[in-house]
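Chemist: If you scroll down you'll find the structure; I have some questions about it.
The values are calculated or read from the model by the stated rules, or taken from the named source; none is laboratory data. Quick caveat, the model's predicted, so the values are computed rather than measured. Because the Cβ atoms are built from the backbone with ideal geometry, glycine has one as well, and the counts that use them run over all protein chains shown.
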Amino acid sequence: MTQDTGTGTPLVVIAYDPQGGGAAALAAAARDGAGEEGVRAVLADVAAMGEDGWALLDEADGIVFGAPAHANGASAAFRGFAEESSGRWAARVWADKAASGFATPGHPSGGELGALRYFSVLASQHGMHWVDLDLPPACLSPSGAGAGSAFGPGSLSGFGPGSGPGAAGAAACGAALVEARETVRHLGRRVAQVARLLRARDTGTAPPGVLAG
């Protein structure tokens with residue numbers, strides 16, 4: 001559960017591995033999207049957390065995980081971060097926070113869906129609430145503008161529905177990276193919206209029947 005610092009403003013932390021550059025660009029997009037919803041949004045490098053970084057994660061109402069995909073899973077630096085979070089798992093420090101994630105492949109079909117599954121399982125183990133894009137696949141969208149997956153973003157332009165965030169290859173350049181940024185910006189907004197609802201529930205200010213229990 002979120003630690004109440006008395007500020008009243010929800011906090012979303014993007015915990016990511018910047019290796020390769022693509023993830024850093026998407027992390028910034030997630031931060032900007034969350035910020036558009038009026039929450040505090042900050043970046044945290046999982047390879048250099050320190051006590052202050054862990055404290056931010058403990059305070060957060062929502063956490064967005066991000067990393068390059070490696071061997072059909074998350075990068076080594078992110079896996080190390082996940083292992084270090086085991087103490088928080090035991091104490092249920094992150095339980096009931098909003099969670100989501102994005103991954104960047106080194107090439108098309110680079111295993112980002114495996115990384116997303118890794119993130120979603122990590123969130124489930126911590127008792128977090130997974131947030132998806134709430135966008136239909138492009139083939140089901142009247143405008144062709146949606147492309148979501150159960151795990152996270154595909155591309156707002158409809159590139160590769162269901163294949164995960166930055167499905168066009170967020171590590172790529174040009175139009176594909178622009179599309180991936182816009183998708184992850186949208187994801188940041190979604191996580192911020194859910195984080196605000198969770199904060200309202202925890203502080204007793206949620207409308208009746210919203211996130212009760």
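Chemist: Go through the stretch 43-72 and give me each residue that's crowded, with 17+ Cβ neighbours inside 10 Å and free of Cβ contacts under 8 Å to residues at least 40 places away in the same chain.
Modeler: Once the filter is applied, which keeps residues that are crowded, with 17+ Cβ neighbours inside 10 Å and free of Cβ contacts under 8 Å to residues at least 40 places away in the same chain, the stretch 43-72 yields L43, A44, D45, V46, M49, G53, W54.
Chemist: Restricting the search to the stretch 10-25, which residues are modelled with pLDDT of 90 or more and either part of a loop (DSSP other than H, G, I, E, B) or of a type in the set (S, T, N, Q) (or both)?
Modeler: P10, D17, P18
So that you can scan it fast, the table gives a plain yes or no per residue for (1) modelled with pLDDT under 95; (2) part of a helix (DSSP H, G or I); (3) among the charged types (D, E, K, R); (4) under 18 Å from A30 (Cβ atoms):
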residue: A47; (1), (2), (3), (4): yes, yes, no, yes
residue: A55; (1), (2), (3), (4): no, yes, no, no
residue: P68; (1), (2), (3), (4): yes, no, no, yes
residue: G80; (1), (2), (3), (4): no, yes, no, no
residue: A95; (1), (2), (3), (4): no, no, no, no
residue: A99; (1), (2), (3), (4): no, no, no, yes
residue: G114; (1), (2), (3), (4): yes, yes, no, no
residue: S120; (1), (2), (3), (4): yes, yes, no, yes
residue: G127; (1), (2), (3), (4): no, no, no, no
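Chemist: Filtering the stretch 109-132 down to residues that are in contact (Cβ under 8 Å) with a residue 12 or more places away in the chain and surrounded by fewer than 15 Cβ atoms within 10 Å (Cβ to Cβ), which residue is nearest to G20 (Cα to Cα)?
Modeler: S109
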